[in-house]
Amino acid sequence: MKILCIGRNYADHIAELQNERPAEPVVFIKPDTALLRDNEPFYLPSFSTDVHYEIELVLKINKMGKNISPKFAHKYYEEIGLGIDFTARDLQAKLKEKGLPWEKAKGFNGSAPISNFLPKSQFADLKNLNFSLQINGETRQNGNTSLMLWDFDEIIAEISKYFTLKTGDLIFTGTPAGVGPVAIGDRLTGFLEGQELINFEIK
Ligand code: MG
């Protein structure tokens, strides 16, 4: 399986990192060794002193497809969960400066914790989903899918122009504003429509 990620999908987050608003979605990939499941702790890597959390909604692909049109994209995922797109911001800044790929900063081991997944049928309106992240009980990020530059169906259409989607692939759909560093001892809790799906510690 592969983990596809969308960058710069919420205008407020683009502004906080002073990035350019992209003309088409920014796409990058993490390897399967980035996954962390079952609220396992995240161990800070030795190569960064500025690892940032980014809470994101994650789609789980349920059948194979290529060149999927936005109109049919909803048939390619049945479940939604939460994930953290951990980013070594110091390393990423260096790589961006040189115009180099981001993989070291985005795809390292443990950089993609994911929650359990919920059936999308459980939610009344996928274009109005609230999600949030707390650090040590304090809310740091609040997102709503109505604020995405590209919605779920448009993301699937765009990604599948380039990559065949396969059952079990995951798509991280971008983070809202409020990203920041984590420290040893921090507890991260993530909520989707008020339901706690993520709860793990930084070690
Ligand atoms: Mg992200």
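A few comments on the model shown:
- Over 31 Å between alpha carbons, listed pairs K63/K98; K75/K106; K98/K127; K94/K120; K66/K94; K94/K127: K63/K98; K98/K127; K94/K120; K66/K94; K94/K127
- Neighbourhood charge, 12 Å Cβ-Cβ cut-off, centred on Q134 and excluding it, Lys, Arg +1 and Asp, Glu -1: -1
- Both radii come from the Cα set of the chain: Rg as radius of gyration, Rh as Kirkwood radius; their ratio Rg/Rh reads 0.93.
- Fraction of accessible area attributable to carbon and sulfur, the chain (%, probe 1.4 Å): 49
- With Cα atoms defining each centre, the stretch 90-122 and the stretch 126-140 are spaced 18 Å apart in the structure.
- Remark on the stretch 25-105: Rg and Dmax equal 15.6, 45 Å (Cα only).
- Protein heavy-atom accessible surface, 1.4 Å probe, per residue over the chain: 46 Å².
The values are calculated or read from the model by the stated rules, or taken from the named source; none is laboratory data. Not measured: the values here are computed from a predicted model. Cβ coordinates were reconstructed from backbone atoms using ideal geometry, including for glycine residues, and neighbour counts include every protein chain displayed. Heavy atoms of the whole protein, side chains included, go into the accessibility calculation; ligands, DNA and RNA do not. Shrake-Rupley method; radii C 1.70, N 1.55, O 1.52, S 1.80 Å.
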